[in-house]
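The values are calculated or read from the model by the stated rules, or taken from the named source; none is laboratory data. Note that the structure is a prediction, hence the values are computed from the model and not measured. Backbone-built Cβ (ideal geometry, glycine too); neighbour counts: all protein chains shown.
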Amino acid sequence: MMALSVDAGDRAAAVKRVQTRSLAMAVFGLVLLVVLSLSSLVLGARPVAVSTVVDALFAYDGNLVDHIVVMDYRLPRTLLSLLCGAAFGVSGALIQAATRNPLADPGILGVNAGAAFFVTLAVGLFGVQSIDAYLWFALLGAVLVTLAVYGLGMAGGTMAGRGGATPVRLVLAGVALSAVLGGIGSSITLLNPQAFDAMRQWSIGSVAGRNMAVVIAIGPLIGIGLVIALLSARSLNAVALGEDLARALGASLVRTRILTLLAVTLLAGAGTAACGPIGFIGLMVPHAVRWFTGPDQRLILPMTMIYAPVLLLIADIAGRLVLYPGELEAGIVTAFLGAPVLIALSRRRQAGGL
């Protein structure tokens, strides 16, 4: 009896330590987010004073060049970094939790491939050249291809004699469909490479060159996706214990998978449509935050919501400075930052478990 009491006390103390550490990291992350957001408005090919940024935000004067730079160019890309960073990071955390695969990211469900394929069709068939127009084609492609992946997963389950789209079937269907669409899209691009020059920046992944119309278009979609993700956290904790135990705990596997798929489609689809397929954020950030939150999705998802935009802001700001006065796209910077950090994190057992 005494041993049980001691074990319960140790567990309670461990949970308390994790919560305290997570709270401290959340406060640090929010402060860092504010500093980076302000830096994003200040830094660039034309540096702007902090006082000028404040004036532009609260007393805009369209006759001043610095005010135009802040409001028309830097504010939209800063807001996109916040929104799309959170979207990519949380969608990656959801996929990793739902599939119980720490190396999963939204790309395995065909989201990126669907968005890229439909943008290719828009350019090749309709001559679309505007990023604002890419947005809707990319979002439509992400949604349709994700639904197709889920349908193939369900069909695979029926043919195998078991109902439901299991994580393994979804991953296999996503990878297969992504490969097919990637091959077809590459063939179309090679037929007329001049027509696809305009989508080069989008395909690399960048938050530059977007206006407030793009922010307003994707903001509600990402907001809804984040709410669904947070509401799914408790069920995902049960799924992480295995399907049989999750059912025993009263979790609905079908409902959890559908909600997860819906959230990932909204988050990764809207983020990819606006910024292109920026990699490593959805794969790396959940690994990093899991190191100090543990496996609890109720902590992982909100912490990822904070630190994923931090990474994208750092990548965007670094891209402006490393080739000054030119710029390097954020998608390239995240690849440079993400690869070595992910290798380091994968070697730590504490960061690897789900």
(request) From (1) touching a Gly at 6+ places or on another chain (Cβ under 6 Å); (2) under 23 Å from Ala116 (Cβ atoms), pick out the condition that doesn't hold for Ala268. (result) (1)
(message) Checking the conditions here, which among Ile95, Ile68 is buried (at least 24 other Cβ atoms within 10 Å of the Cβ) and in contact with a helix residue (DSSP H, G or I) (Cβ under 9 Å, 6 or more places away or on another chain)?
(response) Ile95
(request) Scan region 216-226 residue by residue and report those that are free of Cβ contacts under 8 Å to residues at least 24 places away in the same chain and either surrounded by 12 or more Cβ atoms within 10 Å (Cβ to Cβ) or not in a helix (DSSP H, G or I) (or both). (result) Gly223
(message) Take the residues in region 40-55 that are surrounded by 11 or more Cβ atoms within 10 Å (Cβ to Cβ) and among the hydroxyl-bearing types (Ser, Thr, Tyr); name whichever of them is modelled with the highest pLDDT.
(response) Ser40
(request) Hey, can you tell me all the residues within region 291-310 that are under 24 Å from Arg100 (Cα atoms) and of a type in the set (A, V, I, L, M)? (result) Leu299, Ile300, Leu301, Met303, Met305, Ile306, Ala308
(request) Would you check if Ala213 is outside any helix (DSSP H, G or I) and within 16 Å of Thr272 (Cα to Cα)? (result) no
(message) For region 44-85, which positions are touching a residue at least 24 places away in the same chain (Cβ under 8 Å) and in contact with a Ser or Thr (Cβ under 8 Å, 6 or more places away or on another chain)?
(response) Val70, Arg74, Arg77, Thr78, Ser81, Leu82
(request) Give me a count of the residues in region 327-341 that are in a loop (DSSP other than H, G, I, E, B) and in contact (Cβ under 8 Å) with a residue 12 or more places away in the chain. (result) 2
(message) Only one of Ser37, Ser22 is at pLDDT 90 or above, surrounded by 12 or more Cβ atoms within 10 Å (Cβ to Cβ) and either in a helix (DSSP H, G or I) or polar (S, T, N, Q) (or both). Can you tell me which?
(response) Ser37
(message) Condition (residue is in a loop (DSSP other than H, G, I, E, B), within 16 Å of the chain's Cα centre (by Cα) and under 30 Å from Val168 (Cβ atoms)) applied to region 80-96: is it met by at least one residue?
(response) no
(message) Looking at (1) under 24 Å from the mean Cα position of the chain (by Cα); (2) assigned to a helix (DSSP H, G or I); (3) farther than 21 Å from Cys275 by Cα, which one does Ser51 not meet, given that it meets all the others?
(response) (1)
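Hey, among the residues in region 279-293 that are part of a helix (DSSP H, G or I) and of a type in the set (Phe, Trp, Tyr), which one's surrounded by the most Cβ atoms within 10 Å (Cβ to Cβ)?
Step one: filter region 279-293 for residues part of a helix (DSSP H, G or I), giving 281-293.
Of the ones still in play, those that are also of a type in the set (Phe, Trp, Tyr) are 291-292.
Numbers: Trp291: 13, Phe292: 15.
Here the residue is Phe292.
Among the residues in region 186-203, are any modelled with pLDDT under 90 and either under 22 Å from Ile95 (Cβ atoms) or not in a helix (DSSP H, G or I) (or both)? Before you say what the answer is, go through the steps one by one.
Start the filter on region 186-203 by keeping residues that are modelled with pLDDT under 90, which leaves 186-203.
Pick out the ones that are also either under 22 Å from Ile95 (Cβ atoms) or not in a helix (DSSP H, G or I) (or both) and you get 192, 203.
Yes, that holds for at least one residue.
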(request) Might you check whether a residue that is among the basic types (Lys, Arg), at pLDDT 85 or above, assigned to a helix (DSSP H, G or I) and over 25 Å from Val145 (Cβ atoms) occurs anywhere in region 227-235? (result) yes
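When you go through Thr260, Thr272 one by one, which is the residue that is over 12 Å from Ala98 (Cα atoms), among the polar types (S, T, N, Q) and either at pLDDT 85 or above or outside any helix (DSSP H, G or I) (or both)? Give the steps one after another, and end with the answer.
On the way: Thr260 fails: over 12 Å from Ala98 (Cα atoms).
The unique qualifying residue is Thr272.
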(message) Which count do you get for residues in region 100-149 that are modelled with pLDDT of 80 or more and hydroxyl-bearing (Ser, Thr, Tyr)?
(response) 2
(request) Please determine, by comparing only the residues of region 150-185 that are among the hydroxyl-bearing types (Ser, Thr, Tyr) and either under 17 Å from Pro106 (Cβ atoms) or crowded, with 17+ Cβ neighbours inside 10 Å (or both), which one is modelled with the lowest pLDDT. (result) Thr166
